[in-house]
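Encoded as structure tokens, the structure appears first; notes follow it.
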Amino acid sequence: MKLFRIAWNLLDKKQKSVFLILIIFSIFQTILEMIGIAAAIPFVTFLLQPEKLSEMTLISNFEIFNKIEITEQLLLYLCLAFF
């Protein structure tokens, strides 16, 4: 911690603000990365076994997925949205 304070005191005001912005963006990027990794499991499940998608508790809570019929067009839209 002492070493960090020494390095922090060497920075001027502009460099400190840039450093804090970089930290905020890094945290935001990490959150988006976790969401992207978590989205891969339902997507692969949908590709391989579309009927299993309705059994996932998180996805089955959305009414829209209960009303949609699994079609090739829906598959295309989901692939485009995922990538």
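Throughout, read-outs are computed from the coordinates displayed, never taken from laboratory work. Quick caveat: nothing in here was measured; it's all calculated off a predicted structure. No Cβ is skipped: glycine too gets one built from the backbone with ideal geometry, and neighbour counts run over all protein chains shown.
A crude spin-label estimate for the pair L76 and I35, with each label 7 Å from Cα along the Cβ direction, gives 2.7 nm. When its C-alpha radius of gyration is set against 2.2 N^0.38 Å (N residues), segment 1-47 gives a value of 1.89.
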